[in-house]
Amino acid sequence: MSVELKLRSFTPAEIAEIVGGKLETYGGDNGNAPHKYISTDSREGGAGVIFCAIKGQNVDGNDFIPGAIDLGSTAFICQYVPDAAKESGKPFAAVVVEDTVKAMGTLAAYYRGVSNAKVIAITGSVGKTTTKEFIYAVSSAAFKTHKTQGNYNNELGMPLTIFGIEPEHQVVVLEMGMSGLGEIEYMTKIAKPDIAIVTNIGTSHLASLGTRENICRAKMEIRLGLGKDGILLLNADEPLLLAQYEQLGKKPKLMSVAGHLGDYRAVNIRQKIDGIVFDLLYQNKAVTNVEIPALGKHNVYNALSAYAVGVILGMSDDQIRRGLKSFVSADKRQNVYDVSGITVIDDCYNASPESMRAAIDVLVSMAAKKNTRPAALLGDMLELGEYSRLMHDQLGQYAAQMQVQKLFCYGSMADIVAEAAIKKGIRADNVFVCVDTRDAQKIADMILETLEAGDILLVKASRGVAAERVIECMKKRRAKKKRS
């Protein structure tokens, strides 16, 4: 990804001073030429492009410096300069550092300081991307807004997002993901957010962090980048987050859907065919009939965060309402469409126990309103470690409890989900198992042979399962039948 630095350019000499690196010059380059692009891909090298050479587990980006030189790059942030680059005879300057990723973070922190934009940072076990999109929709109703694109929410991707800030941007919305302790702290100290949000504490990353308490600790690191006037927003319906309220010197703002405690409270929630309507209580006032074009109670939490951000940014209720109604879901997050007369809820982006239950709730609610049968393809949930078997057992039980009528279990844990669902009450002949995720066509055919036009099918699994291939196989089979 190549990013144009529109706030200001950098010379290699300036970069070396900012990041504390050693400036090395070759072929007559003095390190004082300004560069206005930055990239982590040597194939995007060219005049004015700073190539940041990242040393990964399998590939050493430093080895690609000669190739970037051939494309015209004359500035590098790297851990060493390979001999082939030195011997090229071409002029270039290199800022040599111990860790290129950390050097990029330091440079991004400097670049963030050049902008006057308000920065909103979001983390949480579930819903951070959707919350980001809701906040972006709301903020864009009044301000020029920049946001995290795709999965650029880690220690490498977030600095690239910051480098994309432009002079006209008034608000920046950053998503922060993590896999262990210390990662959110690192990112939030780069971003220096004005508003920080923790959406919830789930069970993702139990394999690496061991307990939900440790996950909470990791997520709460986001507050460490807030300035003295910064505002922290927490989900008051999560006991682990609510417990933080009493421990923090400066009290956060609380959001609630299920309880009576909160600075921002959603009440009287009503499900529609194509969205949700709720009333909002905040600052001793009531805002009625707030609409969002998204399904499921979990999206009320996401919208509540966005509403709170809009209020903090000084937006009017009408502006916030307009922003919420313009929300568009990110790719693979509950897109709904028709396949052979079957309504398919495509929610293949990722999965955790919490998001699985939320998606099943949406499925059952939609089916009830349409008076049709709810069916679900539930694939493996990854990164659960020693809790994986238990969580998949509970998933099968929940599907049965919510009266999913046709259940397709997909992946290495499919037998566990299926057995639990049958024990909890789903008839065995309504439960189907496909352990081999390499054969998406097999389970696609199983679905098409079992379901009828008018049925609703949820398709959800962790990203590594690539359950969207099942939907594509269903579409191709339908197209083939039409041609025959």
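Within the group T199, T211, which residue is polar (S, T, N, Q) and surrounded by 24 or more Cβ atoms within 10 Å (Cβ to Cβ)?
On the way: T211 fails: surrounded by 24 or more Cβ atoms within 10 Å (Cβ to Cβ).
From the options T199, T211, the qualifying one is T199.
Hey, could you check segment 112-132 for residues that are more than 29 Å from G56 (Cα to Cα) and out of contact with any Lys or Arg (no Cβ under 8 Å at 6 or more places or on another chain) and say which is surrounded by the fewest Cβ atoms within 10 Å (Cβ to Cβ)? Filtering segment 112-132 for residues that are more than 29 Å from G56 (Cα to Cα) and out of contact with any Lys or Arg (no Cβ under 8 Å at 6 or more places or on another chain), the one surrounded by the fewest Cβ atoms within 10 Å (Cβ to Cβ) comes out as N116. Counting only strands (runs of 3 or more DSSP E) that sit completely within segment 223-276, zero hold 1 or more residues that are of a type in the set (D, E, K, R) and on the phi > 0 side of the Ramachandran plot. Across segment 74-97, the qualifying residues are those that are over 14 Å from H35 (Cβ atoms) and polar (S, T, N, Q), and the one among them that is modelled with the lowest pLDDT is S88. Can we say I426 is of a type in the set (A, V, I, L, M), more than 25 Å from the chain's Cα centre (by Cα), closer than 28 Å to S208 by Cβ and surrounded by fewer than 24 Cβ atoms within 10 Å (Cβ to Cβ)? No; evaluated as a whole, the condition is false for this residue. For C348, the conditions (1) touching a residue at least 40 places away in the same chain (Cβ under 8 Å); (2) farther than 22 Å from L234 by Cα; (3) open to solvent by 10 Å² or more (accessible area, probe 1.4 Å) are fulfilled apart from (3). For segment 365-395, a tally of residues being under 15 Å from F408 (Cα atoms), within 23 Å of the chain's Cα centre (by Cα) and of a type in the set (D, E) returns 1.
Look through V336, V300, V309 and report the one residue that is assigned to a helix (DSSP H, G or I) and either touching a His at 6+ places or on another chain (Cβ under 6 Å) or closer than 30 Å to L384 by Cβ (or both). Walk me through it before giving the result.
Numbers: V336 fails: assigned to a helix (DSSP H, G or I); V309 fails: either touching a His at 6+ places or on another chain (Cβ under 6 Å) or closer than 30 Å to L384 by Cβ (or both).
Matching residue, one of V336, V300, V309: V300.
Going through A109, A93 one at a time, which residue ends up being farther than 30 Å from I195 by Cα and open to solvent by less than 50 Å² (accessible area, probe 1.4 Å)?
On the way: A109 fails: farther than 30 Å from I195 by Cα.
Every option except A93 fails the conditions.
Quick check: is even one residue across segment 318-327 at pLDDT 90 or above, touching a Lys or Arg at 6+ places or on another chain (Cβ under 7 Å) and not hydroxyl-bearing (S, T, Y)?
Taking segment 318-327 as the starting set, the residues that turn out to be at pLDDT 90 or above are 318-327.
Now drop any that are not touching a Lys or Arg at 6+ places or on another chain (Cβ under 7 Å), which leaves none.
Looking through segment 318-327, none of the residues is at pLDDT 90 or above, touching a Lys or Arg at 6+ places or on another chain (Cβ under 7 Å) and not hydroxyl-bearing (S, T, Y).
For segment 179-222, a residue qualifies if it is in contact with a Phe, Trp or Tyr (Cβ under 9 Å, 6 or more places away or on another chain) and either under 19 Å from T106 (Cα atoms) or hydrophobic (A, V, I, L, M, F, W, C) (or both), and the qualifying residues are L206, A207, E221. If you go through segment 74-88 and keep only what is among the aliphatic types (A, V, I, L, M) and either assigned to a loop (DSSP other than H, G, I, E, B) or within 34 Å of the chain's Cα centre (by Cα) (or both), you end up with A75, I77, V81.
Does L280 meet the test of being at pLDDT below 95 and touching a helix residue (DSSP H, G or I) at 6+ places or on another chain (Cβ under 8 Å)?
no
Inspection of segment 50-72 finds no residue satisfying the criterion of being aromatic (F, W, Y), more than 28 Å from T148 (Cα to Cα) and touching a strand residue (DSSP E or B) at 6+ places or on another chain (Cβ under 9 Å). Only a single item in (1) aliphatic (A, V, I, L, M); (2) touching a helix residue (DSSP H, G or I) at 6+ places or on another chain (Cβ under 8 Å); (3) in a helix (DSSP H, G or I) is not met by M315, and it is number (3). If the condition is being of a type in the set (F, W, Y), within 15 Å of the chain's Cα centre (by Cα) and at pLDDT 95 or above, then segment 99-153 contributes F134, Y136. Scan segment 170-180 and give yes if some residue there is touching a residue at least 24 places away in the same chain (Cβ under 8 Å), open to solvent by less than 20 Å² (accessible area, probe 1.4 Å), in contact with an Asp or Glu (Cβ under 7 Å, 6 or more places away or on another chain) and not polar (S, T, N, Q), otherwise no. No, the conditions are met nowhere in segment 170-180.
Can you say whether G464 is under 22 Å from M366 (Cα atoms), open to solvent by less than 70 Å² (accessible area, probe 1.4 Å) and not in a strand (DSSP E or B), as far as the supplied structure shows? Explain how you work it out, then say what you get.
Working: under 22 Å from M366 (Cα atoms): no; open to solvent by less than 70 Å² (accessible area, probe 1.4 Å): yes; not in a strand (DSSP E or B): yes.
No, not satisfied.
The values are calculated or read from the model by the stated rules, or taken from the named source; none is laboratory data. None of these values were measured; they are calculated from a predicted model. Virtual Cβ from ideal backbone geometry, glycine too; neighbours counted across all protein chains shown. Ligands, DNA and RNA are excluded from the accessible area calculation, which covers all protein heavy atoms including side chains. Shrake-Rupley method; radii C 1.70, N 1.55, O 1.52, S 1.80 Å.
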